[in-house]
Each structure stands twice: as structure tokens, then as C-alpha cells.
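Chemist: Here it is: the structure, laid out below.
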Amino acid sequence: MDIKAVSAQIDADIQEINSLEALEQFRLKYLGRKGLVAELTSAIPGLPQEERARFGQEVNALKNKLLSLIAEKQKTLAGSSGQAAQAAGDLGMPGISQSLGQLHPLTQVTDEICAIFNRMGFSIVEGPEIESEYNNFTGLNIPLEHPSREAFDTFYLKNYTKMLLRSHTSPVQVRQMKEQKPPLAIVVPGRVYRPDAVDAAHSFMFHQIEGFMVDTGIKFSDLKGILEMFAQAVFGNDIKMRFRPHFFPFTEPSAEVDISCIICKGKGCSVCGRKGWLEILGSGMIHPNVFKHVGIDADKYTGFAFGLGIERIAMLKYGINDIRLFFENDLRFLRQF
Ligand code: DAH
């Protein structure tokens, strides 16, 4: 067989090819198991001794030429139009997803609450998690004999006397009131620590938001109005609030604040323990002794303060029944928010 003629035929054939199917046909015709190259190869042993080597080389060259022509053609076809995608891979195959990160549900709720207060004119401030005993207790009018002063209720630092992991965000009140002059309107998000045994409702570390406002003529009704705006912004406009008298050393009078149960709307269910109300925060009018500690004139200024647990709000908002879920880093939980 005339190898030169075959080679010319190949050059002509390849010009005609404009699809991957046609290219496959071409490949089978020449390089397939019953293709021309196989046929030529099988003819070699029957050739006269002196022709075999030369013919073998020519067949080999032909084969290499075919391989490079096919590879080249495949590239041009892959580079053009619709068949490009086909050549690049299976379009039906699931894609490689780019999973975007997201904010932790507690961060989302913290941001949401801070934004609500920010819109009402509050600045957002942070304070250190390692705090002095003075700021955490004494400055807040929590006397030495108060039960929460005992080491049992607070993580004290071993090598530093009178330093501890803050048990609430209230010490930032002391810091800010010392640092700045009224009028003040501040919210303070952050971590707090208590040596509680961990269970569905307790964690040794959790998050709070402290809020306070100090100026001339601040009244308890200002506290009520601001907290109602907050509760309705988070839980909806039909939420009702009630203030129950309570004791906190750093406020007088003090109140715990409940919202009408978001599940049963006040009728009584298992979430609210049949009460129809859910406790969400502590609050009150800043105690004159706190003003005395920070050097604010209690005859001139009044103020309110409140403190809420972020986990509690997030659990109510999303119907989460175990606080540990926030801290286990289980993506099946976290991805739902
Ligand atoms: N610090 C309190 C706690 O951790 C919460 C609190 C109650 C903060 C009343 C306040 C307040 O500012 O007025 O339990």
C-alpha cells in the first residue's frame, strides 16, 4: 500500500472534521483495532526481509502523525462553541460548590440587637473579659458579703489577686462612666463567665448585652419605652411586656422584664411553663452608689441600665432548646441560620 497516498488521504479527511463524533469516527477508521494502521502493521511480517524495517518506520510515522492530528483537532473543537463544554467534561455532573462562610447565629443576633439600639442613638462599646474585682463587683454596689462575690460563683485568676473573668457585662458601665461625661447611651455586647455545670440551659461561658443611658431627667418610663421598642423589633409588634419588681444591687428600683410568650401568645404552654410570659432581661434605674463610685453627680443625673442574655434571646427567636448547640461547632446546626 502506498503510504504517501494514505498520508494525503488523512490530510484531506481531517480537514472535513467539525465535530467530536466525526473525530471519533476518524480515529476508529485509522487507529481502531480494525483500522488502517492495524492492517498495515499486520502486513509487515509478510513483506520481504529488506522492506520490513523501512515500511515499519513509515507506518510508525503515520501513526504518530495521526495521534498528533487528532490531539490538535480535539483542542480546536474543544475551544469552539457548544462542543467545548462537552469536551471539557460532563455537563450533568454536579458542580464543585464554593461554600461561603456565614456568621454564627449568636453573632447574627448580637449584630441585630446592637443595630436596633444603635438606631435609637446608642453607641456600641466593648470591654475586657478579664476584669478587676472592683469593676465587676464593688463599683457596681455589690458588697463584699454578697453571695456572688464568693469564688464559687466567679472564675478568679490564680496568679493575680482581685482579677477575674467578668461574670456579667455590667462592669463596662463602671469603665465608661469613669471615662466619659453624660449624656451617655451605650450598649455593650460580650462574653461573660460563670462556673456553672454545663447542661441544656447553662454554659460556663455565654454572651450578654449591657445597655445604659445617663443624662439629666432620665426616667423609668424611658427605660420602658426603649425596651418595648427593642422587644418589638426582635420578636414582632404584637409582643407585650411586663416589668416585675426584682433586686439588683446596682439598680434601684430594679425589675425583671418578661415578654408575652412568643409560642402561645400568653395563653400558657410548655415553653413558658404555663405562665404565658418569658423572662428576657434585668433592668432598673442606676443606683446612686454606682454614680458615687464613678464620680457622677447623682443629684444632677439619673440613668437606667439593663442586661440581657444573648443565648436566651437567640433560643427564643429560633426555638432552640439546648444552649450547648451554640458551642459544639456542628455545621449541621450552624448552617441553618
Ligand atoms: N448584670 C446582671 C446579670 O448578669 C444583668 C443586669 C440586671 C444588668 C439589671 C443590668 C441591670 O444593667 O440593670 O445578671
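Here, each number is a calculation from the coordinates, and none is a lab measurement. What you see is a predicted model, and the numbers here were worked out from it, not measured in a lab. Because the Cβ atoms are built from the backbone with ideal geometry, glycine has one as well, and the counts that use them run over all protein chains shown.
Chemist: Residue by residue, what Karplus-based ³J(HN,Hα) values in Hz, rounded to whole numbers, does region 199-206 have, using 6.51, -1.76 and 1.60 with θ = phi - 60° and x for Gly and Pro?
Modeler: My calculation for region 199-206 gives 8, 4, 10, 10, 9, 5, 9, 8 Hz in order.
Chemist: What translational D, rounded to a whole number of µm²/s, comes out for the chain from Stokes-Einstein when the hydrodynamic radius is the Kirkwood one over Cα pairs, at 25 °C and 0.890 mPa s?
Modeler: Estimated diffusion coefficient is 94 µm²/s.
Chemist: Can you give the local net charge around F327? Use residues other than it whose beta-carbon is closer than 15 angstrom to its beta-carbon, Lys and Arg +1, Asp and Glu -1.
Modeler: -1
Chemist: What aspartates and glutamates sit close enough to K181 to cross-link, taking a C-alpha to C-alpha distance under 16 Å and skipping anything fewer than 8 places away on the same chain?
Modeler: Leaving aside aspartates and glutamates fewer than 8 places away in the same chain, those within reach of K181 are D215, D297, D299.
Chemist: Tell me, K158, K29, K292 in order of fewest to most beta-carbon neighbours within 10 Å?
Modeler: Details: K158 7, K29 16, K292 13.
Ranking K158, K29, K292 by Cβ neighbours within 10 Å, fewest first, gives K158, K292, K29.
Chemist: Can I ask one more? Determine ³J(HN,Hα), in whole Hz, for all residues of region 157-165 in sequence, where each value follows from phi through the Karplus function 6.51 cos²θ - 1.76 cosθ + 1.60 and θ = phi - 60°; x replaces Gly and Pro.
Modeler: 7, 4, 8, 10, 6, 6, 10, 8, 7
Chemist: So what are the ³J(HN,Hα) numbers for region 249-259, from phi and the Karplus equation (6.51, -1.76, 1.60; θ = phi - 60°), rounded to whole Hz, Gly and Pro as x?
Modeler: With coefficients 6.51, -1.76 and 1.60, one gets x, 9, 9, 7, x, 10, 8, 8, 10, 10, 10 Hz.
Chemist: Would you kindly state how much longer the chain becomes between E24 and A5 on full extension, computed as 0.36 nm times their sequence separation minus their alpha carbon distance, in nm to one decimal?
Modeler: In short, 4.7 nm is gained.
Chemist: Sequence-distant or interchain residues sharing an amide H contact under 5 Å with A255, placed H: which?
Modeler: H246, S283, G284
Chemist: Against the longest principal axis of the chain, how steep is helix 105-119, in degrees 0 to 90 to the nearest 10, with axes from Cα atoms?
Modeler: The helix 105-119 is inclined about 60 degrees to the chain.
Chemist: In deg cm²/dmol and to the nearest 500, what is the mean residue ellipticity at 222 nm of the chain if only DSSP H runs of at least 4 residues count, each as -39500 (n - 2.57), divided by the residue total? Could you put the intermediate results ahead of the total?
Modeler: Values: 12 runs with 137 residues, N = 337.
Per the formula, -12500 deg cm²/dmol.
Chemist: Right, another one. State the cysteines of the chain left without a partner when partners are defined as other cysteines whose beta carbon lies under 4.7 Å away.
Modeler: C114
Chemist: Which FRET efficiency, nearest 0.05, do S123 and F155 yield, Cβ-Cβ r, R0 25 Å?
Modeler: On the way: r = 29 Å, r/R0 = 1.14.
Efficiency, from the Cβ-Cβ distance: 0.30.
Chemist: Still on this model: Hey, can you grab everything whose amide H is under 5 Å from the amide H of H207? Only 5+ residues off in sequence or another chain; H modelled, so Pro and N-termini drop out.
Modeler: V192, I310, E311
Chemist: Same structure again: For a quick protection proxy, order the peptides 99-106, 69-76, 284-291 by their average other-Cβ count within 10 Å, most packed first.
Modeler: Packing order, densest peptide first, comes out as 284-291, 69-76, 99-106.
Chemist: Amide H neighbours of W277 under 5 Å, at least 5 residues apart or on other chains, H built in the peptide plane: list them.
Modeler: C261
Chemist: Something else now. Can you sort T161, T154 so the residue with the fewest Cβ neighbours within 10 Å comes first? Write down the numbers at each step before the final one.
Modeler: Numbers: T161 8, T154 19.
Neighbour counts put them in this order, fewest first: T161, T154.
Chemist: Mind checking the angle between helix 220-235 and the chain's longest principal axis? C-alpha axes, 0 to 90 degrees, to the nearest 10.
Modeler: So the inclination is approximately 20 degrees.
Chemist: Given q = 0.27 Å⁻¹, what are the Debye log10 I(q)/I(0) values for region 121-173, with equal point scatterers placed on the Cα positions and solvent ignored?
Modeler: The Cα Debye sum returns log10 ratios of -1.10.
Chemist: K34: which lysines have alpha carbons under 27 Å from its alpha carbon, excluding same-chain residues fewer than 8 sequence positions away?
Modeler: In chain and number order, the partners are K4, K63, K65, K73, K75.
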